[in-house]
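A short reminder: the numbers here are calculations on the coordinates, not readings from a lab. All of these numbers come straight from a predicted model, not from anything done at the bench.
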Ligand SMILES: [Zn+2]
């Protein structure tokens, strides 16, 4: 008898709880109908996928188009959606390598308006080359199949300023500028010539890469890749191809 009583009491409690939950739910739905209209959900941006360039000239054209969008504040942010992440997780497919400066104002993916897996980047201050840079660029050409290498200097480059300066710099910074110095030796002691020195540095780096054996020199000779110089303007965002 007592057992029976407890069972009924327990059943009553369960029913009360269930009923309370129902009331809450119906209140919720009531609130939903009377609440202010829902704010539009953040829709993902429209997917932009650009075709893979088949030749060096197509690759250069795609970089120029991307930079034009960036200059005009019309970046399309291509190849950055979830689908692109999944595809690139299987295999990267960059079409261009950028040998650029480490300067935080010159990020290649942003200034060329490209996405995940589009650009293979080697960055050192003053885009000073080293064995590691050479191996990286050779890998991008021989294994990944990039169509173009852009060597990109920029306005107000601190590394080039250091290289044409006459002060001895601390630590490994001196070693770094010593790599750049041969290409800018006519400008040493002439800080007012920073822009000319930066462009001369880029041109010297391009020539050195074109001669670099055994891989890059062969690919250039066979017309499979182009290695081109560029100079970035900080205020306008323009990449000037030299
Ligand atoms: Zn720089």
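Here the relative contact order of region 53-147, from alpha carbon pairs under 8 Å that lie six or more residues apart, stands at 34 percent. Computed over region 98-168, the range of Cα coordinates on each principal axis works out to 41, 27, 14 Å, biggest value leading. The Cα trace of region 160-242 gives Rg and Dmax of 14.9, 43 Å, the first to one decimal, the second as a whole number. Computed over region 46-156, the quotient of the alpha carbon radius of gyration and 2.2 N^0.38 Å is 1.04. Taking the square roots of 5 times each eigenvalue of the Cα gyration tensor of region 56-241, largest first, gives ellipsoid semi-axes of 28, 20, 15 Å.
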